[in-house]
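Have a look at the structure below before the remarks.
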Amino acid sequence: MIGTTLPRRAFAAGLLTPFVRVFAQSCAPPAGGLPQAFAVPTGQTDIVRKPISALTGNEITRLRLAYQRLRELNTSAPNNPGSLMQQANVHCWQCGGMGRDIHQTWEFLPWHRAYLYYHERILCKVLNDQTFRLPYWDWDVDRTRRVPSTYRRTPSRNSLFNTNRNTNDGSKMPSGIFPSNGNPMDSPNFAAFGGTADAGGNMENGPHGAIHVWTAGGSRADMGRLDTAARDPIFYAHHCNIDRLWAEWIRRNPTAHANPTAAGFLDSNWTFFDENGVLRRIRARDVLDSVRNLGYHYAPGAALAAPAPTKRIDLEVSNNRIKLPAAERDRLLQGSNGIAVSRALIVEGVTLPPGTNYYFVFANEPQKTGSDPSKIPNYVGYVAVIRGEHAHHERPGALALKATPQFLQLAGTPDGVALILKSTGYGDTSANGTSLAFKNVYLMEA
Ligand code: C2O
């Protein structure tokens with residue numbers, strides 16, 4: 001029976017720990033019968049999703065009431081698919097435990113969008129208010145780069161509070177977590193931003209992972225682990241921001257930033273319980289137009305940059321060392337003569353570091369140390385991956401780093417340059433000081 005037995009292979013691989021048994025039993029969804037196709041609910045209208053920092057007092061009260069009701073269902077109706085634990089289990093099931101893993105693939109963005117949509121419908125239902133919309137945690141803005149006080153205050157009366165965070169003191173995130181001039185909004189294409197059929201994108205392995213790891217701090221519970229992350233209400237606000245940045249990335253460059261058009265992407269589909277306990281099947285193609293189908297939009301961010309022509313320059317790789325191609329070397333090294341040239345460094349087929357982790361990436365060994373990586377000239381970005389505590393199908397990832405002048409200089413030397421991982425102190429640190437392994441690397445010049 002599903003959820004109580006494990007495949008033979010798990011025994012062979014020595015994975016049968018008490019944890020795995022508990023996990024396998026606790027994550028299974030309730031029986032749901034044959035799924036019905038997604039359909040836009042009658043009367044659904046398009047409403048803006050706001051940042052937590054812009055919620056009114058009344059909206060905060062409703063948000064807390066909604067999560068209070070999901071928590072109450074944990075005890076009053078534990079098999080109700082809308083209870084907070086059942087909602088968390090949907091994520092647990094789909095993170096590589098027993099269900100198919102939608103992480104580290106191009107399904108990451110659309111699956112979480114669909115998941116948040118049904119979660120939002122359930123919150124509407126318990127509030128009996130069809131106008132409720134999820135708020136997002138806008139950690140891409142410096143001012144709000146900490147756990148919002150709305151989620152921290154008065155634990156005894158605040159259903160948004162979660163004790164398994166190490167960040168409830170209101171401390172700030174490390175400054176490198178969302179560099180304004182670096183990854184991942186600079187990703188030139190969807191493969192780099194949101195992944196491919198068999199690799200994760202930089203949104204997932206950048207701020208997404210880093211904020212999971214940072215929020216949990218050393219606790220490795222709830223936000224710090226894929227199988228438990230969605231037990232913390234901040235999870236939904238975190239993912240709502242990922243969802244917004246996806247919409248924002250598409251909006252910023254209408255020519256180059258587009259979702260995949262392959263049927264394998266558009267037809268990928270999953271099931272969720274809706275607010276009435278009906279199992280629904282929803283496809284990636286159903287979630288791409290949130291205004292029409294899902295009843296929400298986000299206010300647009302920064303003004304659109306003029307669509308800049310982009311040029312791709314493939315770099316040479318041997319033994320994970322990167323060199324500038326001879327034909328472009330002089331041009332890339334001669335400086336920009338005062339013309340601002342922005343160059344993203346896209347690394348594909350990256351072997352992601354083990355465990356749940358958060359590393360800074362440097363062009364060769366860092367020339368300085370310090371907690372603010374942007375002050376170190378050969379800092380090029382970071383990688384952060386969150387995983388569950390169970391057997392996991394490992395896939396490679398893509399990173400959108402920054403081709404700084406220092407990086408270009410080192411890549412112009414006969415030895416080329418390696419990408420060196422340096423621990424931030426969060427998560428697994430066993431890859432500290434090692435050089436990143438990857439398949440190919442290129443510059444995108446704008
Ligand atoms: Cu499904 Cu933040 O992970």
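Here are some notes:
- Sorted ascending by nearby beta carbons within 10 Å, beginning with the fewest, CYS95, CYS124 become CYS124, CYS95.
- In terms of its alpha-carbon gyration tensor, segment 130-281 comes out oblate; a/c meets the 1.5 threshold, while b/c is at least as large as a/b.
- Among the listed pairs LYS50/LYS422; LYS172/LYS311; LYS323/LYS368; LYS172/LYS368; LYS172/LYS323; LYS368/LYS439, a Cα-Cα separation exceeding 32 Å is found for LYS50/LYS422; LYS172/LYS311; LYS172/LYS323.
- For the chain, the share of DSSP beta bridges that are antiparallel, to the nearest 5, is 85%.
- Gyration tensor (alpha-carbon) shape descriptor, the chain, a/c threshold 1.5: prolate
- For the chain, modelled as a GNM whose springs connect Cα atoms under 10 angstrom apart, the maximal fluctuation among ASN164, ASN79, ASN259 occurs at ASN79.
- With neighbours defined as other Cβ atoms within 10 Å of a residue's Cβ, the residues TYR442, TYR115 order from fewest to most as TYR442, TYR115.
- The fewest-to-most ranking of SER149, SER268, SER187 by surrounding Cβ atoms within 10 Å reads SER149, SER268, SER187.
- In this structure the amide hydrogen of PHE438, modeled in the peptide plane, comes within under 5 Å of the amide hydrogens of THR351, none closer than 5 places in sequence on its chain.
- Convex hull of segment 311-445 built on C-alpha atoms - directionally averaged projected area, nm²: 8.6 nm²
- Annotation for SER374 and SER175: the two label points, set 7 Å from Cα along the Cα-Cβ direction, are 0.7 nm apart.
- In percent, rounded to a whole number, the relative contact order of the chain is 20, using alpha-carbon pairs under 8 Å and six or more apart.
- Compared with the direct C-alpha span, the chain from LEU333 to THR131 gains 67.2 nm at full extension, assuming 0.36 nm per residue.
- Taking each residue as 0.36 nm, the span from HIS297 to SER342 lengthens on full extension beyond its C-alpha to C-alpha distance by 13.2 nm.
- Using a simple spin-label model with pseudo-atoms 7 Å out from Cα toward Cβ, ALA263 and GLN44 lie 2.5 nm apart.
- Counted by Cβ distance under 9 Å from THR215, the other residues give a net charge of -1, where Lys and Arg count +1 and Asp and Glu count -1.
- About the centre of its Cα atoms, segment 29-297 shows a dipole size close to 680 debye [charges on the beta carbon of Lys, Arg (+1) and Asp, Glu (-1) only; nearest 20 debye].
Quick note: the coordinates plus some simple rules give every number you see, no bench work behind them. Computed from a prediction, not measured in an experiment: that's the story for all the values here. All Cβ positions, even for glycine, are placed from backbone atoms using ideal geometry, and neighbour counts span all protein chains on display.
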